[in-house]
Each structure stands twice: as structure tokens, then as C-alpha cells.
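Undergrad: I am attaching a structure below and will ask some questions about it afterwards.
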Amino acid sequence: MDTEFKSFFDAAPPLRDSLDVSRKVKEFIDQNSQLSGKGRPIRVVCVTSGGTTVPLEQRCVRYIDNFSSGHRGAVSTEYFLKAGYAVIFLYRRGTCQPYCSFLPEDSLLECFDLTEESNVQARPQHTEALKRAIRDHHAAVEEGLLLKLPFTTIFEYLQILQIVAISMRGLGSHGIFYLAAAVSDFYVPWESMEEHKIQSATGPLDMRLAPVPKMLLVLREVWAPTAFCISFKLETDQNILLKKAHMALRKYNMHVVVANELSTRKEEVIVVTSDEEITVHRENQVEEVEKPLIDLLVQKHSAYIEQSKHDSSN
Ligand code: 9Z3
């Protein structure tokens with residue numbers, strides 16, 4: 001493994017439930033692989049979602065965070081499930097969850113009333129969306145097609161992603177990584193981090209942040225070399241977005257890079273591959289941009305599976 005990465009992992013605080021996470025991921029993949037015996041070739045996608053935090057103290061009081069709401073990851077998970085995939089949803093604690101993005105921002109309680117007999121009843125304007133969400137969510141969980149794994153820090157995120165990636169190796173080309181999480185570019189290495197709360201009385205705070213090692217290359221070359229890899233490129237300057245997306249595609253050897261600009265990300269994304277750029281728009285106010293996006297990515301994944309079969313038979 002890349003030496004930068006090795007030292008990142010060696011110095012990171014150990015993941016608290018690593019055995020439990022490994023067991024859950026293994027069981028999930030085994031259980032879904034058995035389904036393939038019933039004639040359904042199983043496809044598993046790891047969807048990453050939300051932003052990673054960068055702690056400033058080992059006994060963390062303060063941290064650096066980013067804007068990501070987890071909406072893209074949560075809604076994409078719903079569409080992958082609809083397309084027949086089993087989904088490992090690696091999400092930031094407290095961010096948007098699958099089947100919950102329609103909820104009013106102020107409170108879930110806005111969806112319900114109490115009847116005169118003190119029973120809970122959905123308000124008419126929310127009834128259809130609630131029914132659909134309850135039905136689809138329970139179906140995914142009962143069929144064992146959705147595994148949720150939470151993270152908070154950059155350390156937890158990369159350690160869990162490694163466990164998932166290595167466990168998915170056996171799926172070959174049937175595995176996808178859909179890396180929508182907004183991953184910190186800089187962090188405070190654990191060994192140089194203050195143990196206790198930084199005192200404000202000592203005056204202005206100077207801090208040196210180290211670059212986070214580029215996980216995409218290790219994922220592609222070492223952890224899961226046969227999986228179909230989709231990463232996202234986010235910029236705020238539309239003029240450099242496509243250039244940066246093409247650079248990421250080449251540098252990290254991704255199969256697809258989805259380019260998005262911060263302010264228009266819910267309306268439009270551009271799917272970039274080595275031979276094309278396809279702009280995908282939100283089709284109407286009811287359906288999200290993730291619907292045509294996942295349709296297109298599923299097509300590209302199917303073509304990749306066929307190509308991999310063809311390559312291995314030659
Ligand atoms: C994205 O670009 C996602 O589409 C968003 C989704 C984070 C913009 P929300 O969570 O937003 O729905 O509010 N994710 C990847 C961003 C990122 O950190 N990309 C890295 C980069 O641009 C590559 S891994 O350098």
C-alpha cells in the first residue's frame with residue numbers, strides 16, 4: 001500500500017467497533033451473494049454520504065466540518081435499491097437518510113395529527129409520501145438489501161471504507177463504489193493533535209493541517225481493483241469543473257466522475273467518462289436529479305460487467 005496511506009492508518013485512532021463492522025459487512029455480502037443462487041446475479045453498491053469531520057483535539061470538543069447534507073447519497077440509495085442493488089450506505093451520523101428526504105425540515109411531527117381518540121394519524125398532505133416511504137424502507141430492510149454504517153470523523157470514514165472495499169473484492173465487477181461523501185482534504189494527524197480542549201487564553205490559534213492521503217487510487221488499485229468506481233468532483237467555479245473532473249478520472253483511474261457545482265448540484269450533474277460528457281438534468285419538480293443519474297450509471301455498470309466477462313473469457 002502507498003506509504004502515505006500506511007502511516008495514516010498506523011497513526012489513526014483504532015476504530016471502536018471494527019470487528020462488529022467487519023462481521024456485519026461480511027454477513028451482508030454473504031447473504032446477498034446466496035441470493036444469486038436463486039437466479040438473480042447480485043449487484044452490491046457502497047454509497048458514501050455526508051461530510052467527514054476533522055477533530056482538533058483527541059478528546060474532541062471542536063472539529064472542522066463541511067456543508068454536505070447527505071441528500072445526494074440518501075436519495076441515490078433509494079434509486080439503487082429500486083434498480084435491484086443491495087446497498088451498503090456509509091453515512092455521516094445525523095445526515096439525511098434514505099426514504100426520509102421528503103420530510104419537512106422543521107419537524108417530523110408536522111406530518112402527524114392526534115385523533116380525538118388519541119391515535120396518531122398522518123396529515124392528508126403527507127399521507128401518500130409517508131406510505132410510500134414506510135413501504136419501501138421496510139421492504140429494503142426486511143429483504144436484507146440495506147446495510148447502514150455510520151461514521152463521523154475522517155479516520156472512521158477511511159477505516160470503514162477500507163473494510164467494506166476489501167470485503168467487496170469477491171464480487172468482482174458486480175460491485176460499485178459511489179463516492180458521494182464530501183471527504184476532508186486536510187486533517188490534523190492524531191499524534192500531533194492536542195489531547196485536551198485547546199485553551200483560548202493562549203491567544204490566536206495557529207494550526208498546520210496535513211493533506212489527507214488520496215484514497216481513490218488505493219481503492220482502485222489495491223482494495224477493490226475489479227469494482228466499478230464512481231467518484232464525484234465538486235467545485236464552486238463552473239469554469240474549472242470539467243477540467244478538474246477529467247483530471248480526477250485520469251489521475252485516480254476512475255470509471256466515471258460525476259461533476260457538480262455547489263449551487264446547481266440538485267438540478268444538474270455531468271457524467272464524465274474517458275470518451276464522453278453527459279449532462280443529466282432534473283426532469284421535473286417531483287423527481288430528483290438522482291433518478292436519471294442512477295439510470296445512466298446502472299446502464300454503464302451493466303456494460304462494464306459485460307466487458308469484464310468478455311475480457312476474462314479471452
Ligand atoms: C459530491 O460532490 C456530492 O455530490 C455533494 C452532495 C457532496 C456535493 P449533499 O450531500 O451534496 O447532497 O448536500 N461529493 C464529493 C465531493 C468531494 O469531496 N469530492 C472530492 C473532490 O472534489 C473527491 S473524493 O476532490
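Undergrad: Spin-label point model (7 Å from Cα, Cβ direction): what's the ILE134 to LYS300 distance in nm?
TA: The two pseudo-label positions are separated by 3.8 nm.
Undergrad: Same structure, new question: Taking 0.36 nm per intervening residue step and subtracting the Cα-Cα distance, what contour gain separates ILE166 from ARG23 on full extension?
TA: Numbers: separation 143, 0.36 × 143 = 51.48 nm, distance 1.26 nm.
Computed gain between ILE166 and ARG23 is 50.2 nm.
Undergrad: Among GLY70, PHE102, CYS46, flag the residue with its Cα farthest along the positive direction of the charge dipole of region 40-110, charges on Cβ as +1 for Lys/Arg and -1 for Asp/Glu.
TA: CYS46
Undergrad: Is there a pair in LYS26/LYS82; LYS24/LYS251; LYS82/LYS300; LYS233/LYS266; LYS244/LYS300; LYS6/LYS197 whose C-alpha atoms are over 25 Å apart, and which pairs would that be? Don't skip to the answer; put the middle values down first.
TA: Values: LYS26/LYS82 23 Å; LYS24/LYS251 32 Å; LYS82/LYS300 17 Å; LYS233/LYS266 14 Å; LYS244/LYS300 21 Å; LYS6/LYS197 28 Å.
Over 25 Å Cα-Cα: LYS24/LYS251; LYS6/LYS197.
Undergrad: Does the chain come out rounded, prolate or oblate, given a ≥ b ≥ c as the square roots of the eigenvalues of its C-alpha gyration tensor, rounded meaning a/c under 1.5 and, failing that, prolate meaning a/b above b/c? It would help to have the intermediate numbers written out before the result.
TA: On the way: a/c = 1.41, a/b = 1.08, b/c = 1.31.
Rounded.
Undergrad: Oh, and also: Between ILE278 and LEU262, what length in nm is gained on full extension when 0.36 nm per residue of separation is reduced by their alpha carbon distance? Could you put the intermediate results ahead of the total?
TA: Working: separation 16, 0.36 × 16 = 5.76 nm, distance 1.81 nm.
Gain on stretching ILE278 to LEU262: 4.0 nm.
Undergrad: Based solely on its DSSP helices, what 222 nm [θ] is calculated for the chain when runs of n ≥ 4 H residues each add -39,500 (n - 2.57) and the sum is averaged over all residues, nearest 500 deg cm²/dmol?
TA: Values: 8 runs with 115 residues, N = 314.
The helix contribution divided over the chain gives -12000 deg cm²/dmol.
Undergrad: OK, next. Can you give me the accessible area per residue for region 178-314, using a 1.4 Å probe, in Å²?
TA: Values: 7720 Å² over 137 residues.
Accessible area per residue: 56 Å².
Undergrad: Of all the accessible heavy-atom surface of region 182-297, with the other protein chains kept in place and a 1.4 Å probe, what percent is carbon and sulfur?
TA: Numbers: 3260 of 6480 Å².
Result for region 182-297: 50 percent of the exposed heavy-atom area is carbon or sulfur.
Undergrad: Calculate, for region 9-139, the solvent-accessible area per residue in square angstrom, rolling a 1.4 angstrom probe over the heavy atoms of the protein chains.
TA: Details: 7320 Å² over 131 residues.
About 56 Å² of surface per residue is accessible.
Undergrad: Okay, next question. Whole number please: convex hull volume per residue, Cα atoms of region 115-183, in Å³. Let's see the in-between values first.
TA: On the way: hull volume 11.5 nm³, N = 69.
It is 167 Å³ per residue.
Undergrad: On a full-extension model of 0.36 nm per residue, what is the gain between ASP206 and ASN253, subtracting their alpha-carbon distance, rounded to one decimal in nm?
TA: Details: separation 47, 0.36 × 47 = 16.92 nm, distance 3.62 nm.
Stretched fully, the ASP206-ASN253 segment lengthens by 13.3 nm.
Undergrad: I would also like to ask the following. Pop a pseudo-label 7 angstrom from the Cα along the beta-carbon direction at both SER107 and HIS310 and give the gap in nm to one decimal.
TA: 5.8
Undergrad: Starting from the 7 Å offset along Cα-to-Cβ, what nm value, one decimal, do you get for the label separation of PHE186 and GLN238?
TA: Here the modelled spin labels are 2.9 nm apart.
The values are calculated or read from the model by the stated rules, or taken from the named source; none is laboratory data. Just so you know, these numbers come straight off a predicted model, no measurement behind them. Neighbour counts are summed over all protein chains in view; Cβ atoms, including those assigned to glycine, are modelled from backbone coordinates with ideal geometry. In case anyone asks, the SASA skips ligands and DNA or RNA and just uses the protein heavy atoms, side chains included. Shrake-Rupley method; radii C 1.70, N 1.55, O 1.52, S 1.80 Å.
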